[in-house]
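This report refers to the structure that appears directly beneath it.
Rule-based calculations on the coordinates, nothing more; no lab input. All values reported here derive from a predicted model rather than from experimental measurement. As a convention, Cβ positions derive from the backbone with ideal geometry for all residues, glycine included, and neighbour counts pool all protein chains shown.
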Amino acid sequence: PDNKPWAQYELERIINTPEIKYKRQNATLFTLCRNSEMYSMLKTIHQVESRFNNKFGYDWVFLNDEPFDEEFITLTSNMISGRVRYGLIPREHWSYPDYIDEDKAREVRESRKWARITYGTSESYRHMCRFNSMFFYKHPIMREYEYYWRIEPDVNFHCDIMEDPFKFLKDEGIKYGFTISMRELHNTIETLWETSKKYFNSLNKDYFSKEVDNLSEFISDDNGETYNLCHYWSNFEIASLSIYNNEIYEGYVNYLDKAGGFFYERWGDAPIHSIIFSLMLRKDEIHLFKDISYQHTVGTICPLDDKIRMKAKCTCNSITDNWVMNSKDSCNIKFHDVGGAEKDPFYQAYLQ
Ligand code: GDP
Ligand code: MN
């Protein structure tokens, strides 16, 4: 095993389960979580399996910065219809690079300002955001797939998912799908936009030009002068891994990493994904999944069409469980306004 470059990942465990006869895409469900989140994870798995995966049998990849314990492996794999794989994150992907001053990073976490900001004092949260920005797609297990669906513990799916979203992405040429978008807390990303702009200026293309077909207007209201804080909420993502494995994306996150904001501020992977994909991808390559009812903490989305809610056996209320339509912090309406999604009759009627 010593001649394997990825020897430290040998901790992969694969559990095989009976085959479901469905022609799957080369895709996987993907979860980063801790052993301590097992029961929250089981609740999520139960919903994803009964609402979706028991008909399709997709793989499920679990990654962790510590080895998963036997109980976690036994109970989660027991509930999953597809092949289940458990991988360990290599130390280099969950630690400080040499250009980061760890004392400065600790002072930041201990400073009074950060005590008031969500996860501001957490060291592991910063490694998690950096991992989801820079490394999850480089894990050798993830490298085997073309698409992934990110799923977290403690989230809810309120309707059956009747179509295979991976097939939908493939057929429609979509690269990035989301359900909820919102405004980021400015105090976690104070220098992210200035730093990003320096990177964009080094590229020989003006991504804010009117000529470019992208969603730059989703993230900036003034042609790139400032960031309006809108981002696709990355705890739900169904996307192609090809959008990460390329020079523009990797150049961007490496540039950001050198600037230090993962540790000296608390940059999230959601604004990072959102900024670069809104510029890099065409408008029609980013998709809002209106009919996947999803909930993560305060954020909720529920289909507006009564017929769909019936057919999909939804347990959400389309009026009260639609944070994305009701909250001023949501950016889903902006996404429609800038032409990211069609303003269908149900959407128009809701806003009347
Ligand atoms: P929030 O959604 O921003 O409130 O952050 P979460 O606490 O839900 O974390 C985001 C995702 O990363 C979830 O899937 C967590 O299970 C996972 N996560 C967060 N911190 C850690 C960590 O220290 N280790 C591991 N293995 N997973 C983590
Ligand atoms: Mn979460």
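Calculated [222 nm] ellipticity per residue, helices only, for the chain: -9000 deg cm²/dmol; basis is -39500 (n - 2.57) per DSSP H run with n ≥ 4, divided by all residues, nearest 500. When 265, 144, 247 are arranged by Cβ crowding within 10 Å, least crowded first, meaning fewest neighbours, the order is 247, 144, 265.
Pairs of Lys residues in segment 3-142, spaced 8 or more positions apart or belonging to different chains, with C-alpha separations under 27 angstrom: 8 in total.
Just checking the listed ones, 306, 213, 59: in the Gaussian network model of the chain with Cα springs under 10 Å, the one fluctuating most is 306.
Here the ratio of the Cα radius of gyration of segment 45-103 to 2.2 N^0.38 Å is 1.54. Sorted into 10 angstrom bins from 0, the C-alpha pair distances of segment 119-271 split as 9, 35, 39, 15, 1 percent. Checking the a/c ratio against 1.5 first, then a/b against b/c, what shape does the Cα gyration tensor give for segment 239-342? Taking the square roots of the gyration eigenvalues as a ≥ b ≥ c, segment 239-342 is prolate. Springs between Cα atoms under 10 Å define the GNM used for the chain, and in it the highest mean-square fluctuation of 243, 45, 308 occurs at 308. Taking the fewest neighbouring Cβ atoms within 10 Å as the starting point, the ordered list for 294, 86 is 86, 294.
Normalised by the number of residues in the chain, what is the relative contact order in percent for Cα pairs under 8 Å and 6+ residues apart? The value is 19 percent. Of all DSSP beta bridges confined to the chain, the antiparallel ones make up roughly 50%. Restricting to bridges with both residues inside segment 159-307, how much of the DSSP beta-bridge set is antiparallel, in percent to the nearest 5? Antiparallel bridges make up about 75 percent of those DSSP assigns within segment 159-307.
Put in order of Cβ neighbour count within 10 Å, fewest first, the listed residues 218, 346 become 346, 218.
Taking the chain as a Gaussian network of alpha-carbon nodes connected by springs under 10 Å, the highest mean-square fluctuation of the residues 85, 282, 106 belongs to 106. Name the cysteines of the chain that stand alone by the Cβ rule: no other cysteine Cβ under 4.7 angstrom. Taking the Cβ cut-off of 4.7 Å, the unpaired cysteines of the chain are 33, 129. Using the Stokes-Einstein relation with a Kirkwood hydrodynamic radius computed over Cα pairs, the translational diffusion coefficient of the chain at 10 °C and a viscosity of 1.306 mPa s comes to 75 µm²/s. Taken over the Cα atoms of segment 53-192, the convex hull encloses 171 Å³ per residue. Which of the lysines could a cross-linker span from residue 307 if the Cα-Cα distance has to be under 19 Å and same-chain partners fewer than 8 positions apart are dropped? Reachable lysines: 290, 343. With labels modelled as points extended 7 Å from the Cα through the Cβ direction, what inter-label distance (nm, one decimal) is found for residue 40 paired with residue 183? Result for the modelled spin labels: 2.6 nm.
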